[in-house]
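Right, one structure below, let's go through it.
The values are calculated or read from the model by the stated rules, or taken from the named source; none is laboratory data. Please read all numbers here as calculations on a predicted model, not as lab measurements. Don't worry about glycine lacking a Cβ; one is built from the backbone with ideal geometry, like all the others, and counts go over all protein chains shown. The accessibility values were calculated without ligands, DNA or RNA, using every heavy atom of the protein model including side chains. Shrake-Rupley method; radii C 1.70, N 1.55, O 1.52, S 1.80 Å.
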Amino acid sequence: MVRLFSRIFRPRGLDPQIEKELQFHVDEQADRYVEAGLPRDEAVRRARADVGSIQHIKEEVRDVWTWRWFADAVQDLRFALRTYFRMPVFAVTAVLTLALGIGVNTALFTIVRQVLFKSLPVSNPEELVEIDCNAGPGVTGGRGTCMHSYPAFRLLSERHDGLSGVFAFAPVPNGLIASFHGRRELITGQLASANIFDVLGVGPAAGRLLLGPDDRAGAEPVAVLSYGYWRRAFAGDRAVVGQSLILDNRDVAIVGVLPRTFRGVTLGEVYDVILPLGTADLFRAGPPSRSGGTASLLGSANMGWLAFMGRRQRGLSDEQIATRLEPVFKQSAEAMIAPVPLDVRKHLNLTAENIRVDVRRAAFGGASNLRRTLQPTLRVLMVIVVLVLLIACANLAGLFLAQALNRHREFGLRLALGAGRSRLMRQLFTESLLLAFIGGGLGLVFAQWIGPAGFTLATDDTGLRAVNLEPDRWILAFTAALSVVAALVVGTVVVLRVSSANPQDALRNVGVAASPRLTKAMLVAQIAFTITLVGSAALFLETLTNFRRIDVGFQPKELMTITMDAGLRSVEASRAIEYIRHATERLAALPGVRAVTYSNAAMGTGVPMNLMVDVPGFAGARDSASSGEIFAGPGFVRTLGLTLLAGNDFEATDRANPGSVAIVNESFASFFFGTIDVVGRTFALRGPGNQPIRIDGVVKDARDRGVKRPTQPVMYLPFDASKVRTVTFAVRGENAISSLREPIRRTLERLDPAVGIARMTTVDAQFDDVLRRERLLAALGVVFGGLALVLVAIGLYGMLNTMVVKRTTEIGVRMALGAARTQIAWMIAREIFVVVFLGVSLGVTGHMVAARLVQSQLFGIEPSDPTAAAGAVFGLIAVAAVAVWAPARRATLLDPMTALRNE
Amino acid sequence: MTRYATTSSSPKSDLLQGTLDLLILHVVALVPLHGYAIGQRIQQISKRTLQVQQGSLYPALHRLEKRGLLRAEWQTSETGREAKFYTLTKAGRKQLELERTNWERLAAGISLILQSAE
């Protein structure tokens, strides 16, 4: 390949011709000298001297005939390849180091680009805006009168001044049960106004997308499939268009399939089916109404459940559009509060006056939950991977320097033979570029593997499905740029060292860099970055430990939670009540099961609802009287292992009169009553006609919302299956809860064909899931920190070893003159003290900077906590001691006579 | 003694390079010559005033060959060795005339200036 290029760009056999021509010149000149009376050999010598550097003339002549730099580059490349083939260990180490550094950076860049910078895959994404409104301060519940309700959307879609189109969407909260030819599956669904794809500018991959008539009340329900779901569940069969799919026990016609590139309007949230907004009441239950049953979402003006997006008209700013939209939102709010009597409005501070509309660019899917939650983690990861790359570069530069010292003679020789210094530098840059590109290529391969793996660790499979991590030209450009930068950094360091080489010294082999100052500088840098990295890793480890150490307030071991799917919501109340009763009995009868209960939220996943309460004698602000509400079945305290501070657990008999008793947590008791001695006291849910509720028990605070979120006042009310249909069973086993998974599944699925399992997990696994980011950071920190320490050890060892070899004679002389072995060992060790000391001081400074950058991901430990830095320093010193031991020992064991004869 | 385009790494000025080219073309115009003879001839004709460094001569020869002003052939020399002989081409002859005129104009101009300064 290389040879082919050189043939194209240089006439064949040029070099021998020039040599022959010059040889002729020398011969002729020598003849003259012989004629003048000089002896032959003297004549030849003089003739050669007259000509000067043949090498140089050759280069000049070659210059005439070839495209010089290209020919040189080809030659350099060939030379570089030959050099590396002669030292494979060095080359492989260097390439792998670079591949690691570049690989992790490329992988992270791919994720960052997808999560933080990628536009939505629609036409002119920069025109898309999210429209939000705020009711202003002083209104309970934040949004107050500014409801994103369906009537508000209807008004907005009639009057959207400043926007060329506007659409509304909302997820189907608990998913849908899809049945197709007898196969049952829980899928995700999104409700969207029928014009969504017109506004976005997205066309179908098969069939058609939503049309206006689909949205009308009473229209036949239709569904559009996402490309991923179509491939997954229907194997991409076009014949499914026109067939019907059963969603939550209703026939829905499949009308079309979305294109592959469209992954939803919110990054990280992909939905299997898109349903017209007009069918919302079929698939998304409204709040319970007083008449029993549920209220219509479409008809209700005070249910805010939609998100609005639109396409901006050219030339309008976000603020201009917001100003134009404000009257529309005010009108909606006024219509909504109109039926409320004036005095009540005043009392509740219900007003449309303060409504502000917020319009912001949506091209990057700003509403994305994935982006919001991943952003801080990604920032921290960036810090880590940049450190890894810096360490890799410092290490590589050190390796190159050591190699350059070994090749000192070669460089000197080439300089002496008349090679230009610039040529030599270019050679060195070519060598480092070659390595960097091989390393970069490997890094790219490496990134293909660690990118998705890392992303899965940071989120889960759904997150991965929502983004595209395949490399594109941006990723390639990024990797190439990184490789070039790495090559330049490494190359510059080596060139600095080599260009000071004196050809004569090199040839005479004296004074070969007794103090390789640059090597030491690289080691200092490497140690500094390593301390920074290991220090952060220590902080992450401590954070993970702190989370694990939290008292969650219940017993997470041997506990399994099983959340039932929407099937339970679609059956009549009596059937649901029966199901829950039978399921509880049968689960409790399984061998190995100690206790069973149920609630409307899996423990540790959240508090479903916050309600205002009225507590007699509560001294705080009326607006602050809010408490979490969880509906719990009999044996709740016992089964979950909550600590009962006073009173009783729920018993089956409480069901006879639901709504009259409650168990509250410690926070509730002390917040509202100022004491935990509250059994027998009463309170009421705020609202007309609500009966007083008697407190029957007090439990210690539990992390109902997961370990990462603080506890809050919570009231546990008896589960009333005639109203609440979101059911999660909790099963406590004797031991080995995982082995109960299959029996539990079979028991629950056999009871009623209409009801299935949505999610089943042990609480331990769920906790691990919540801490997956912390684990990821700790794991990466430990792995990379460990690697960095090993690299430092190798670097120190290499430096000292070279030094001992170089100073063998000196050591011999000292020993011959009576120096003690300890003195010799000290002399060797002293060399690295300065290096380690400088590296550690810089590293501690770096650690303090990095710790502040990663602060958002820490828990229970201050970024300034000295133990992390101390741990890193201690680890490094231990590693340094090990690395120093062998060369120092070798020096002390030298036989003075052998050492002296070494010269 | 005048030295043309001396050390190896110093860049050559256009004037000197052009002058050397002119001298080479002139010397070769009479009879085909090899590189060594060209150098010798320039020294002889200039009565040893001009000495040509090999470091400039050979690149200059190759440059002229590449521009098609000289043609090169391997022949046996008078000493019986294989030598590369350079011959003036048609284009070379034209170039020689052109450069000779230029040089004379330039030389005349320079001497005018030098005389008037006296």
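Observations
- When you count the other C-beta atoms within 10 angstrom of each residue and take the mean per peptide, A:198-206, A:435-443, A:180-188 line up highest first as A:435-443, A:198-206, A:180-188.
- Residue separation of A:Asp551 and A:Arg741 scaled by 0.36 nm, minus their Cα-Cα distance, works out to 65.8 nm of gained length.
- Of all accessible heavy-atom area on chain A, the percent that carbon and sulfur account for (1.4 Å): 58 percent
- By accessible area with a 1.4 Å probe, ligands and nucleic acids excluded, highest first: order of A:Met612, A:Met897: A:Met897, A:Met612
- Whichever lysines have a C-alpha closer than 21 Å to that of B:Lys90, once near sequence neighbours (fewer than 8 apart) are set aside: B:Lys66
- The chymotrypsin sites (Phe, Trp or Tyr not before Pro) found in region A:853-898 include none that occupy coil by DSSP while having at most 14 further C-beta atoms within 10 Å.
- You can think of it this way: the chain between A:Arg360 and A:Trp449 has 28.5 nm of extra reach, that is 0.36 nm per residue less the Cα-Cα gap.
- Average partner coverage of B:30-38, which counts Cβ from other chains inside 10 Å: 2
- Exposure of A:Trp474 as accessible area (Å², to 10), given a probe of 1.4 Å and all protein chains: 150 Å²
- Relative to the longest principal axis of the Cα atoms of chain A, the long axis of helix A:741-751 makes an angle of roughly 30 degrees.
- Label-point separation, A:Arg638 to A:Ala219 (7 Å along Cα→Cβ), nm: 5.3 nm
- Taking 29 Å as the limit for the C-alpha separation, the pairs A:Lys700/A:Lys723; A:Lys346/A:Lys700; A:Lys346/A:Lys723 exceed it in the case of A:Lys346/A:Lys700; A:Lys346/A:Lys723.
- Centroid-to-centroid, using Cα positions, region A:674-690 and region A:754-789 are 39 Å apart.
- With protein chains left intact and a 1.4 Å probe, residues in region A:186-276 average 39 Å² of accessible area per residue.
- Within 10 Å of the Cβ of each residue in A:842-850, the mean number of Cβ atoms contributed by other protein chains is 0.
- Taking Cα atoms only, the orientation of helix A:772-806 departs from the longest principal axis of chain A by about 10 degrees.
- Report summary: the helix-based calculation at 222 nm, which adds -39500 (n - 2.57) for every DSSP H run with n ≥ 4 and divides by the residues of chain A, gives -17000 deg cm²/dmol.
- Residue-count net charge about A:Val854 - beta-carbon cut-off 14 Å; Lys, Arg +1, Asp, Glu -1: -1
- Spin-label model distance (nm) - A:Val882 vs A:Ser123, 7 Å beyond Cα toward Cβ: 6.3 nm
- Counting only protein heavy atoms and using a 1.4 Å probe, the accessible area of B:Lys84 comes to about 10 Å².
- Region A:310-362-region A:571-623 distance, computed between alpha-carbon centres (Å): 38 Å
- Cross-link partners for A:Lys58 among the aspartates and glutamates, with Cα-Cα distance under 18 Å and sequence neighbours closer than 8 places in the same chain left out: A:Asp15, A:Glu19, A:Glu21, A:Asp27, A:Asp50, A:Asp72, A:Asp76, B:Glu65.
- Average beta-carbon neighbours from other chains, 10 Å sphere, peptide A:54-63: 4
- The angle between the Cα long axis of helix A:821-853 and the longest principal axis of the Cα atoms of chain A comes to about 40 degrees, rounded to the nearest 10.
- A probe of 1.4 angstrom, applied to the heavy atoms of all protein chains, finds A:Glu742 with accessible area near 90 square angstrom.
- The packing ranking, built from the mean of other Cβ atoms within 10 Å per residue, places the peptides A:811-817, A:478-484 in the order A:478-484, A:811-817, highest first.
- The slack in the chain from A:Ala253 to A:Leu96, taken as 0.36 nm per residue of separation less the alpha-carbon distance, amounts to 51.0 nm.
- When the accessible areas of A alone and B alone are added and the area of the pair subtracted, with a 1.4 Å probe, the result is around 2200 Å², both sides summed.
- Listed as lacking a disulfide-compatible partner in chain A: A:Cys393, by the criterion of no other cysteine Cβ under 4.7 Å.
- With every protein chain in place, region B:15-84: carbon and sulfur % of accessible area (1.4 Å): 52 percent
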